[in-house]
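Peer 1: For reference, the structure I am asking about is given below.
The values are calculated or read from the model by the stated rules, or taken from the named source; none is laboratory data. Note that the coordinates shown come from a computational prediction; the quantities given were computed from them, not determined experimentally. Every residue, glycine as well, gets a Cβ built from its backbone with ideal geometry; the counts of neighbours run over all protein chains shown. Accessible surface areas use protein heavy atoms only, side chains included; no ligands, DNA or RNA. Shrake-Rupley method; radii C 1.70, N 1.55, O 1.52, S 1.80 Å.
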Amino acid sequence: MIAVITGDIIDSRSLESQQEWLIPIQSLFSRWGRVNESWEIFRGDSFQLEVLDPLDALQKALMIKATIKSITGDQLQKRTGPVDVRMSIGVGEKHNDNTPIGMRTGSAYYHSGEAFELLRKQEQNLLIKTDWEDFDREMNLMFKLALIVMDNWTVNAAEIVEIALGNPHLRQVEIASMLELEQQSVSGRFKRAYFEELMELDNVYKLKLKKLHP
């Protein structure tokens, strides 16, 4: 049982250069595995990531979103807001493990692809599909509510989530020192990002999935 995250950059054609998002995402994915073995970027603005432990899938999706939405650059000045991403999570089995990721099959890949096709139709930027319809229905409703917050993260809010997820051992005072901010300011960014609530969502996701697949 694995998870597969399929995603693309929203309105990527409005960006003058793909480098502003491509370099941070390549750097992030490289921390999780090797290109073509664990992840790939294709069609210029799309990507696929294999997550060996499906319990980690939601947190990795949050990290991807935070990384993308924390991007700043000259070409973003023409946009009405931060660059964003849409993603689908598929949980299931995989086949053809000795082939590049783009050629693999199995229910995890099928589920991820099917959920990705629904993203535009449902106008939702994060969906999950598994073998368990009740689980999907419940989690996708929670995702929809969480996206009210995440889709509206400012660059500062996304940055604080990216740092916290990437460095779970750091305390707020250490993050404040890293960003050269007062701890109160950092605390405010965490609250505006609804970080604690999102971590509660991640815990619920893990608990429910464990019950279905111990």
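Peer 1: Looking only at segment 47-70, count how many residues are within 10 Å of Val85 (Cβ to Cβ) and either in contact with a Pro (Cβ under 8 Å, 6 or more places away or on another chain) or not in a helix (DSSP H, G or I) (or both).
Peer 2: 4
Peer 1: Quick one: which residue in Ile25, Ile64 is at pLDDT below 95, surrounded by 16 or more Cβ atoms within 10 Å (Cβ to Cβ) and in contact with a strand residue (DSSP E or B) (Cβ under 9 Å, 6 or more places away or on another chain)? Before the answer, list the steps.
Peer 2: Details: Ile64 fails: at pLDDT below 95.
Result of the check over Ile25, Ile64: Ile25.
Peer 1: I need the full set of residues from segment 31-54 which are among the hydrophobic types (A, V, I, L, M, F, W, C), touching a strand residue (DSSP E or B) at 6+ places or on another chain (Cβ under 7 Å) and either over 24 Å from Asn167 (Cβ atoms) or free of Cβ contacts under 8 Å to residues at least 24 places away in the same chain (or both), in order please.
Peer 2: Across segment 31-54, the qualifying residue is only Ile41.
Peer 1: Turning to a different aspect of this structure: Trp132 is checked against (1) touching a strand residue (DSSP E or B) at 6+ places or on another chain (Cβ under 7 Å); (2) within 25 Å of Leu209 (Cα to Cα); (3) open to solvent by 40 Å² or more (accessible area, probe 1.4 Å) and fails just one. What number does that condition carry?
Peer 2: Going through (1) touching a strand residue (DSSP E or B) at 6+ places or on another chain (Cβ under 7 Å); (2) within 25 Å of Leu209 (Cα to Cα); (3) open to solvent by 40 Å² or more (accessible area, probe 1.4 Å) one by one, Trp132 breaks only (1).
Peer 1: Take segment 89-111 and flag every residue that is in a loop (DSSP other than H, G, I, E, B) and of a type in the set (Gly, Ala, Ser).
Peer 2: Start the filter on segment 89-111 by keeping residues that are in a loop (DSSP other than H, G, I, E, B), which leaves 93-94, 96-100, 104, 106.
Result: Gly106, single match.
Peer 1: In the set Ile128, Ile163, which member is within 22 Å of Ile9 (Cβ to Cβ) and not in a strand (DSSP E or B)? Break it down into steps so the answer makes sense when it comes.
Peer 2: Working: Ile128 fails: not in a strand (DSSP E or B).
Among Ile128, Ile163, only Ile163 is within 22 Å of Ile9 (Cβ to Cβ) and not in a strand (DSSP E or B).
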